[in-house]
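Reviewing the structure listed below.
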Amino acid sequence: MKEKSIMHALTTLRALMSDKEIHVPSYQRAYSWDTPIKKYGNDHTQTDEFLTDLETYSNARQHTPYHFGTFLFEKNGQVLKVIDGQQRLTTIVMFLSALFSRLESIRTWSEAEKACYGDMLRQGELIRFSTVDRDQQIFIDYVIKQSNCDHTRLETESAWRIVRAFDYFKQQLADKSEAYLVKMLSVVSGATCVVHLVHQKSDAMQMFILQNARGKPPLNVELVKTLFMHHVNTPGSASDEQDALSEKVRQCFEKIHHLSWLAEYGTSADDILLIALQVYTHALWVCLDPLAQVKRLLHKDRSNDFVANFSGLLSSTCDLLENFFGEWSFQNADIHSLVSLGDINMALPFVLKAYLYGLPLAEIGQLSRALESIILRDKLIGEGDLHVVLGDVFSRFTKADNDLSPIITQIDWMKTADHSLFGSWSNSKLHELLQHWSPDEHLATFLLWKYEMLLEQQINGSSRHLWAKLGEFELDYIGHPCITEQDDYAHDSEYVVRGTTLGNMMLCSKSDRCELGKTPVAQKLPGYIHNEQQKEVKRLVAENAAWSGALMGQRNDTIITHIISAL
């Protein structure tokens, strides 16, 4: 007979944690609270508010205990697995560890404080609170034991959040007095909370889904993982089958979290989930509501086949992305260029299919070149919906029919079609835009990098910047676009119009010693020796006596012609 849930009306935080172990189970979301970062000016974060609330309570001389709210757990003997409240509990433990560390730097702990430390943090080798498996080692070493200060090789964003939060608390407590620390320890350890326990694993997962419908919303990937674990562990399945499939689900979602570095390229954990779902369904449109689509597929498949098959596809998606953004981008110039563009999630379902269908790297590079062309146009023009216009060729790109020609033909048609029901990405539209475009810095850097490679290829037969990273460059205006009545260009009407276009922008390597900023053009020219476009501008000025709006327009036209021909 199923054991009923138990509601404990009230307990203290210390009583909750003493004589027990509290674990964050694998289906739970990892640590997600934000911490103030000075350079971003984000003072109002969860960790900041956590500390402010405690200090406000402490200073108010309240006669009732501080209250941490309700915690939900799955109970398994002396082990409590967190269903709801893990963000608060993780933060509490980090704060207490920082507090005990600061107190120890002032004096030796009293016997009562040692007992409190043992009840709430660590009793010998017994760690009272454990976070998700992937972050547990850094949590123990950096937060609890404070034995390892090296956090340069963290693999997950949640691990970085843990480090930032703990460092923040240590910084905030660094100058606090003994009296402050003792009082705050009393406030936290004596704080009350309501505890709700459930005893079935499937009930615990269902409660997680319901509880996380409020507060800071979890990622889709976290909810899908929990849905899968709940589906697999529903009573009635064989235990061995449950364990094997649960492990498969756990491992594939672990892979996703270890790809957190893809965020710098504009690909998040939820994007990885969406890419796999688009390939599974052969439909780009599922981006409208991926979570609802997963739920429909789960409901449709009463067995565990969908969970097993989709988890396998997710694992393959992670393998593809690791190769594509890593090793392949240094083996194939077209892939490297697409990766350098960034925010290319529109391309990745096509690339994943090509990978799954066993297409050679050269063909994947050819596909990447075509996709880069249309995605870059979409970023620049921004008037259409690629999901609609490419949706049909994507759905017809299958293992049985894995010819790239229909995709490339469709993209080539889009480059010449001036009018379409769903938008325009044509050469004429692109030319019109670039004539007076005030560019986004990243896209301008990308376009001038492409232009530099075209010039190098044209002049030298090869490009030395082919494998460069965009982060190696910085942009500069040749002639400063903000002019006053006193400037030499004040009466050059074309200068005013062209001053913020590509024709007046220069690509400079950060390793070059170029004069930048408002420095007069005449002083910049001697340093224009490091790449072909710098030499080009130097020649233009020498032939025309001075840099002018007319030269900007001439150079802008040249760049546009080269770029469009390459796209």
Original post:
Given 20 °C and 1.002 mPa s, how large is the Stokes-Einstein diffusion coefficient of the stretch 437-566 in µm²/s, with Rh as the Kirkwood radius over Cα pairs?
Top reply: 144 µm²/s
Original post:
Taking amide hydrogens as modeled 1.01 Å from N in the peptide plane, which residues meet the under 5 Å criterion relative to N76, leaving out close sequence neighbours?
Top reply: K81
**OP:** Kindly flag which residue pairs out of K20/K170; K300/K399; K379/K429; K429/K538; K145/K170 have an alpha-carbon separation exceeding 19 Å in this structure.
**Re:** K20/K170; K300/K399; K429/K538
**OP:** Quick one: check the C-alpha center-to-center distance for the stretch 61-95 versus the stretch 519-540, whole angstrom.
**Re:** 63 Å
Original post:
What's the angle, to the nearest 10 degrees (0 to 90), between helix 305-325's Cα axis and the longest principal axis of the chain?
Top reply: 50 degrees
Original post:
Taking only Cα atoms, what is the 0 to 90° angle, nearest 10, from helix 201-211's long axis to the longest principal axis of the chain?
Top reply: 60 degrees
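Could you tell me which of rounded, prolate or oblate describes the stretch 243-400, using a ≥ b ≥ c as the square roots of the eigenvalues of the alpha-carbon gyration tensor, with rounded for a/c under 1.5 and, failing that, prolate when a/b is larger than b/c and oblate otherwise? Write down the numbers at each step before the final one.
Working: a/c = 1.75, a/b = 1.39, b/c = 1.25.
It comes out prolate by the Cα gyration axes.
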Subject >> Built amide H within the under 5 Å cut-off of N345, gap 5+ >> reply: none
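For the stretch 289-336, what is the convex hull (Cα atoms) projected area averaged across all directions, in square nanometres?
Details: hull surface 17.1 nm².
Result: 4.3 nm².
Roughly what percent of Cα-Cα pairs across the stretch 47-156 reach past 17 Å?
Working: 3851 of 5995 pairs.
It works out to 64 percent of all Cα pairs.
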**OP:** Quick one: which residues, 5+ away or cross-chain, put their amide H under 5 Å from the amide H of F129? H built at 1.01 Å from N.
**Re:** I22
Original post:
So what's the convex hull volume per residue for the Cα atoms of the stretch 343-435, in Å³?
Top reply: 87 Å³
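Subtracting the Cα-Cα distance from 0.36 nm times the residue separation, let me have the gained length for D392 to W413 in nm, one decimal.
Details: separation 21, 0.36 × 21 = 7.56 nm, distance 1.41 nm.
Contour length minus the Cα-Cα distance gives 6.2 nm.
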Original post:
For the chain, what D do you get in µm² per second when you plug the Kirkwood radius from alpha-carbon pairs into Stokes-Einstein at 10 °C and 1.306 mPa s?
Top reply: 57 µm²/s
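To one decimal place, what Kirkwood hydrodynamic radius in Å is obtained for the stretch 219-325 from all pairs of distinct Cα atoms?
Numbers: mean 1/r = 0.0710 Å⁻¹.
Averaging 1/r across every pair of different Cα atoms and inverting gives 14.1 Å.
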**OP:** Using only the alpha-carbon atoms of the stretch 496-567, report the extent along each of the three principal axes, biggest first, to the nearest angstrom.
**Re:** 31, 26, 22
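With n ≥ 4 as the cut-off for DSSP H runs, can you work out [θ] at 222 nm for the chain, using -39500 (n - 2.57) per run divided by the number of residues, rounded to the nearest 500? Each step should come with its number before you reach the end.
Values: 25 runs with 303 residues, N = 567.
When only DSSP H runs of four or more count, the value is -16500 deg cm²/dmol.
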**OP:** When you have a sec, figure out the Kirkwood radius of the stretch 6-211 from all distinct Cα pair distances and drop it here in Å to one decimal?
**Re:** 17.6 Å
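I need to check one value: relative contact order of the chain, counting alpha carbon pairs closer than 8 Å and at least 6 residues apart, in percent.
Computed over the chain, the figure is 11 percent.
Values quoted throughout were computed directly from the atomic coordinates according to the rules given, and no laboratory measurement underlies them. Fair warning: this is a prediction, and the values are worked out from it, not measured in the lab.
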